[in-house]
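Let me begin by presenting the structure, written as C-alpha cells, before commenting on it.
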Amino acid sequence: MLSQNEYLKNAEKEIREQWFENHEIKLIEGVEGFQCIHWGEPGTRMYQIDYVLSDNMVFVTGDLGDAAYNLTCLATIDNIKDFNLSYFTGKLSAHERRRWDFDSQLAAEEIKEFIFDWCDVSHVDELKEEEAELHEELMSATRNWDLHDHFEKAVFSIYEHTSVDWFDGEAASCISDCGQRLPYSFIAYWLGLQMISEQIEKGVVSNE
C-alpha cells in the first residue's frame, strides 16, 4: 500500500510524463487582472485544460472537469507558481468531480493507527470487548463501501449507536477522513499551472 506521499509522487510523475508530456500553452491576454490560458497537446483534446485567471479566482474547464479556486491574492501565474499542491487545493471553492477518492486499504490502516493510539494498545487482541466491536464495525465499513461519501455516512451511523465513550463526534470526524486520496484531476489542475509557469520561464509561449 502506498503512503500518501508515495501516492502523490507517483501521480505527479504520471501526469507530468504521460498526461501532459506533449502539452503546450497559448496565452490570450485580456484586460488587467484577466487571463485565459489554453493547456493541451496540439491536435487533440486529451487531458486538455482551459484556465481563466480573473482577479483572485482561478476557473478550470476542459477534459478533466470543472473547478474554481478562490485565492487570497491576485490570480497570476507568477503568484501561483509558488503554491504547493496542498495550499492550492485548500483554496478549492467549487468542483464538478468528487472531492476525494476512497482507498479502503489506506482507511483500514489509518483506522487501526487511530484506535491503537487512542486505546494505548499495540494489537487488536488488547482492545476491550466493546472497543474490539467498534474496531470491527469500522473495518467492515472500509470493506463495504467504495465511495468516500458512503464510508463517511457509515462512520457517523456507527458513532450514533456505539457505547464506546471516547468515540465522540470529534473521533468520528477523524475516522471519517480516513482513506482519502486526492483524485488525479485535482493534482492535474495544480500541476498544469506549474508546468505552464515552467514553459513561460523558458519562453515556450504562443500568444494569440
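Of note:
- Axis angle, to the nearest 10 degrees, between helix 104-119 and the longest C-alpha principal axis of the chain: 50 degrees.
- Here the scattering of the chain is modelled by Debye summation over its C-alpha atoms, one equal scatterer each and no solvent; at q = 0.09, 0.12, 0.13, 0.16 Å⁻¹ the log10 of I(q)/I(0) is -0.47, -0.71, -0.78, -0.99.
- Mean-position separation - Cα centroids, segment 119-144 and segment 29-66, in angstrom: 47
- Helix 129-144 and the longest principal axis of the C-alpha atoms of the chain enclose an angle of approximately 40°.
- Gyration tensor (Cα) of segment 1-52, equivalent ellipsoid semi-axes in angstrom: 28, 15, 7
- Here K9 is the anchor, and the lysines within straight C-alpha reach of less than 25 Å, apart from those fewer than 8 places off in the same chain, are K81, K91, K112, K202.
- Surrounding net charge for T61, when Lys and Arg each add one and Asp and Glu each subtract one, Cβ distance under 11 Å: -4
- Radius ratio Rg over Rh of segment 101-181, counting only Cα atoms, Kirkwood formula for Rh: 0.93
- Per DSSP, loop GluC sites (Glu not before Pro) in segment 78-148 with at most 13 further Cβ within 10 Å: E96
- Here the label points at Q105 and S122, each 7 Å from Cα along the C-beta direction, are separated by 2.5 nm in the simple model.
- Relative to the longest principal axis of the Cα atoms of the chain, helix 148-161 runs at roughly 30 degrees.
- Taking a Cβ cut-off of under 12 Å around N70, the surrounding Lys, Arg, Asp and Glu residues balance to a net charge of 0, with basic ones at +1 and acidic ones at -1.
- With the simple spin-label model, which puts each label point 7 Å out from Cα in the Cβ direction, the E14 to E160 separation comes to 3.6 nm.
- Environment charge of Q18, counting only residues whose C-beta is closer than 15 Å and scoring Lys/Arg +1, Asp/Glu -1: -3
Bear in mind these aren't lab numbers, they're just calculated from the coordinates by the rules spelled out. From a predicted model like this one, the values you see are computed outputs, not experimental measurements. Note that each Cβ is placed from the backbone with ideal geometry, even for glycine, and that neighbours are counted across all protein chains shown.
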